[in-house]
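Student: The structure is given below, and queries will be raised subsequently.
Only the coordinates and a few stated rules stand behind these numbers; no lab work does. Given the structure is predicted, the values throughout are model-derived calculations rather than measurements. A quick note on method: Cβ atoms are made from the backbone with ideal geometry, for glycine too, and the neighbour counts reach across all protein chains shown.
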Amino acid sequence: MAGRLDAVERNRRRLLADLGHEMRTPVATLAAYLEALEDGVATLDAETAELLRSQTRRLARLSEDISSVSRAEEGQVRLDTRSVQPESVVTAAADAAAAAYEAKGVRLVTDIAAGLPELSLDSERMGQVLSNLLDNALRHTPPKERSRFRPPHRPGRVAPSCPLRTPARASRPSTWPMC
């Protein structure tokens, strides 16, 4: 019991540290642009407005994520689990992210093994997880590179991952576990 409590406390601290880290970037960006606008160094053109909107959307998403975690900890999250083909969830997430990848000039490659077993999951929640991973992959993949999105099949289980290949690590892709 004490070990589980320690693990929960470590996870809580890590979550708060991650949250602080995730909030610093949009807050710093908004503060810097606000100061630049006030000082007359920058003008509020369409590009600047979109950048500011994207940072406020990011903060809104973080706020919703915090609420979701709170609801989950209180046991108030309802999962609508159904048998789903992994290909359909992965394809839907990749299709939803395609425009953002194209806009940045990053090629998103989906590589889905044939014959993956059905999974019992909440498609909407898993879509959120995959969307967050694809957003992170896009953020850390330079233009003109590719991000390969694939759930490898291992006997008895599906272990999704999102390897990123960048020029510095082309021979050693990092893998971002999804589950």
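Student: Based on the Kirkwood radius over alpha-carbon pairs, what value in µm²/s does the Stokes-Einstein equation return for the translational diffusion coefficient of region 2-73 at 4 °C and 1.567 mPa s?
Tutor: Translational D for this selection: 91 µm²/s.
Student: Sticking with this structure for a sec: Tell me which GluC sites (Glu not before Pro) from region 1-85 have a DSSP coil assignment and no more than 12 other beta carbons within 10 Å of their own.
Tutor: Of the GluC sites (Glu not before Pro), the ones in loops of region 1-85 whose Cβ has at most 12 other Cβ atoms within 10 Å are 74.
Student: Could I ask something else about it? Could you state, as a whole-number percent, how many of the C-alpha pairs of region 1-160 are farther apart than 25 Å?
Tutor: Result: 50 percent of Cα pairs exceed 25 Å.
Student: Continuing with the same structure: Neighbouring Cβ atoms within 10 Å as the yardstick, rank 19, 130, 138 fewest first.
Tutor: Lowest count first: 19, 138, 130.
Student: For the residue pair residue 70 and residue 131, what label-to-label distance in nm results when each label sits 7 Å from Cα along the Cα-to-beta-carbon direction?
Tutor: Once both label points are built, they end up 2.1 nm from each other.
Student: Averaging the inverse of every distinct alpha carbon separation and then flipping it gives the Kirkwood radius. What is it for region 32-126, in angstrom units?
Tutor: Taking the inverse mean of 1/r over all distinct Cα pairs, region 32-126 comes out at 17.2 Å.
Student: While we're here: Collect residues whose amide H, placed 1.01 Å from N in the peptide plane, falls under 5 Å from the amide H of residue 145; neighbours closer than 5 in sequence don't count.
Tutor: Excluding prolines and chain starts, which carry no amide H, the hits are 107.
Student: Sticking with this one: By counting other Cβ atoms within 10 Å of each Cβ, how are 68, 63 ranked from fewest to most?
Tutor: Listed from fewest to most nearby Cβ atoms, that is 63, 68.
Student: Now for a different question. Between residue 39 and residue 11, what length in nm is gained on full extension when 0.36 nm per residue of separation is reduced by their alpha carbon distance?
Tutor: In short, 5.9 nm is gained.
Student: Which far-off residues, 5 or more places away or on another chain, put their amide H under 5 Å from the one on residue 42, with H placed in the peptide plane?
Tutor: Amide H neighbours of residue 42: 37.
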